[in-house]
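What follows is a short report on a single structure.
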Amino acid sequence: GAVVSQHPSWVICKSGTSVKIECRSLDFQATTMFWYRQFPKQSLMLMATSNEGSKATYEQGVEKDKFLINHASLTLSTLTVTSAHPEDSSFYICSARQGWSTEAFFGQGTRLTVV
Amino acid sequence: GQQLNQSPQSMFIQEGEDVSMNCTSSSIFNTWLWYKQDPGEGPVLLIALYKAGELTSNGRLTAQFGITRKDSFLNISASIPSDVGIYFCAGLSGNQFYFGTGTSLTVIP
């Protein structure tokens, strides 16, 4: 099956610093990648959708200047949390879709803790 | 974004029992997906459904695409401890996947 690798799996950073999370599709070309945020015991909240080579489309209420998304190649998308604050602490998950495939595959998730 | 209603929200069952959960939407979807998420991990795709009325199995799991295209069901037979986790349904509309609220399953040995 399709494999999506997310890195790092967990990170602790100081308030005010920036953190970059990578999402790679290992065995397919991901024309679309999705970034989600998940709070404990809750469902996945879509933050943004990115298509390779174009700007990401952010969901309402998600600050694009705070959550920078880059989808520079068909196998890599990055999410940078800029000037992180404790309230940004959460579980961030990416998923990837190949072309118009009807299936999306998820990365392992990244646990971000801002202290 | 749109969120699908999933029920029950949580289940506590004895090992060996069968499990049923469902997902409903006010909108029609052409594809339904079911995922399982273990604690601290990303969701893993279990079953994909593409046609109204379709019934698809994956081992002890069986999922159905509702005839109205507004709902889907997942059944797990003879549950085992490793079935523990959160199960999410997802509907695909255009380029967007919409997720259910999740069903947390606890299996008591």
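Pick from the range A:98-115 the residues that are more than 8 Å from chain B (Cβ to nearest Cβ) and part of a strand (DSSP E or B): which of them is surrounded by the fewest Cβ atoms within 10 Å (Cβ to Cβ)? That would be A:Thr113. Screening the candidates A:Thr82, A:Thr49, A:Thr78 for the property of being under 17 Å from A:Thr17 (Cα atoms) and crowded, with 16+ Cβ neighbours inside 10 Å yields one hit, A:Thr78.
Entry remark, the range B:29-59: residues being among the acidic types (Asp, Glu), touching a strand residue (DSSP E or B) at 6+ places or on another chain (Cβ under 6 Å) and either closer than 12 Å to A:Glu103 by Cα or within 12 Å of chain A (Cβ to nearest Cβ) (or both) number 1 in total. A:Glu87 meets each of the listed conditions (1) at pLDDT below 95; (2) acidic (Asp, Glu); (3) surrounded by fewer than 16 Cβ atoms within 10 Å (Cβ to Cβ) apart from (1).
In the range A:1-25, of all residues being within 14 Å of chain B (Cβ to nearest Cβ) and not in a strand (DSSP E or B), the one that is surrounded by the most Cβ atoms within 10 Å (Cβ to Cβ) corresponds to A:Ala2.
For the range B:100-109, the set of residues classified as more than 10 Å from chain A (Cβ to nearest Cβ) and either in contact with a Lys or Arg (Cβ under 8 Å, 6 or more places away or on another chain) or surrounded by fewer than 15 Cβ atoms within 10 Å (Cβ to Cβ) (or both) consists of B:Thr106, B:Ile108, B:Pro109, listed by residue number. Annotation: of all residues in the range A:79-97 being farther than 20 Å from A:Ser5 by Cα and of a type outside the set (A, V, I, L, M), the one that is farthest from the other protein chains (Cβ to nearest Cβ) is A:Ser83.
Of the conditions (1) polar (S, T, N, Q); (2) closer than 24 Å to A:Thr102 by Cβ; (3) at pLDDT 95 or above, B:Thr106 fails just one. Which one is it? Only one criterion is unmet by B:Thr106, namely (2).
Across the range B:60-99, the number of residues qualifying as assigned to a strand (DSSP E or B), within 14 Å of chain A (Cβ to nearest Cβ) and surrounded by fewer than 18 Cβ atoms within 10 Å (Cβ to Cβ) comes to 2.
Just one of the numbered conditions (1) under 20 Å from B:Gly40 (Cα atoms); (2) in contact (Cβ under 8 Å) with a residue 12 or more places away in the chain; (3) at the interface with chain B (Cβ under 9 Å from one of its Cβ atoms) is not true of A:Glu59: (1).
So B:Ser7 ticks every box in (1) within 14 Å of chain A (Cβ to nearest Cβ); (2) in contact (Cβ under 8 Å) with a residue 60 or more places away in the chain; (3) under 12 Å from B:Gly91 (Cα atoms) but one. Which box is left unticked? Result: B:Ser7 passes all but (3).
Of all residues in the range B:11-28, exactly one satisfies the criterion of being buried (at least 22 other Cβ atoms within 10 Å of the Cβ) and either under 17 Å from B:Ala78 (Cα atoms) or facing another protein chain (nearest Cβ under 10 Å) (or both), namely B:Met21.
The values are calculated or read from the model by the stated rules, or taken from the named source; none is laboratory data. Remember, it's a predicted structure, so these values are computed and weren't measured experimentally. Heads up, the Cβs are rebuilt from the backbone with ideal geometry, glycines too, and the neighbour counts pull from every protein chain shown.
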